[in-house]
Amino acid sequence: MVSQRHSRQRDAVYAHLCARYDHPTAEEIYFSVKQEFPALSLATVYRNLTQLCEEGKAQKIAADGVVRFDGNACGHSHLICNLCRSVIDLPLDAEPIIEKARTMTDSDILSGAIMLYGTCKNCKMK
Ligand SMILES: [Zn+2]
Ligand SMILES: [Zn+2]
C-alpha cells in the first residue's frame, strides 16, 4: 500500500531526526534514511520534515542561510558557529529575557528562544 509505505518513511525520517542532536539538514537526513529506504527521494524528506514542523513535532533553524532541523520542538536556545556552522543546543532559560521584552513592548509574548553566534569550542582550538 502506497500510503503505508509513505508513513513508514516519514516515521523513519522522524526517528532519525530525534536520534541526533546536531541539527541535521534535509540532505543529511536523506543520505542516512536512504540506506534503509533506497526508494526515498529528497523531495519526500523535505515534505516529511515540513509536515513534522507544521505538526509541532520538529522545528526549523535557519543558520547562515542553511536550513537545519531539530527533533526537539520545545523552545530552546542555540549557539551557531560562524566557522563550521554547527548548531549547538543551549540549556538556557530565556524566560527572564522574554519577561523583559513583554514589559518593553507591552505585548503578550508567548514563547521564544535565544540565538547566539560565535566560534565554537572545536573551531577555537584549531
Ligand atoms: Zn565551529
Ligand atoms: Zn536544538
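The values are calculated or read from the model by the stated rules, or taken from the named source; none is laboratory data. Since we're looking at a predicted model, the values are computed, not measured. FYI the Cβ positions are ideal-geometry reconstructions off the backbone, even for glycines, and counts take in every protein chain you see. When the accessible area is computed, the model is the full protein with side chains, heavy atoms only, and any ligands, DNA or RNA have been set aside. Shrake-Rupley method; radii C 1.70, N 1.55, O 1.52, S 1.80 Å.
Taking every DSSP bridge with both residues inside the chain, close to 70 percent are antiparallel. When only alpha carbons are used to place a centre, the range 1-50 and the range 74-126 end up 27 Å from one another.
Entry note, the range 2-70: relative contact order of 34 percent, from Cα contacts under 8 Å with a spacing of 6+ residues. Across the range 60-69, coupling constants 3J(HN,Hα) worked out from phi with the 6.51/-1.76/1.60 Karplus curve, θ = phi - 60°, read 9, 10, 8, 10, 6, x, 9, 8, 10, 10 Hz, and Gly and Pro carry x. Quick one: helix 42-54 against the long Cα principal axis of the chain, what's the angle to the nearest 10°, folded into 0 to 90? Roughly 50 degrees, rounded to the nearest 10. Site pair R8 and Q35 shows an inter-label distance of 1.9 nm when each label is modelled 7 Å from Cα along Cα→Cβ.
Charges were assigned to the Cβ only: +1 to each Lys and Arg, -1 to each Asp and Glu. The resulting dipole of the chain about its Cα centre is roughly 520 debye.
Taking 0.36 nm per residue of sequence separation and removing the Cα-Cα distance, the Q51/T25 pair yields an extension gain of 7.8 nm. Normalised per residue, the accessible area of the chain is 65 Å², obtained with a 1.4 Å probe and no contribution from ligands, DNA or RNA.
Counting pairwise Cα distances across the chain, what percent come out greater than 17 angstrom? Result: 62 percent of Cα pairs exceed 17 Å. With the contact rule set at Cα under 8 Å and sequence spacing of 6 or more, what percent relative contact order holds for the chain? Result for the chain is 21 percent.
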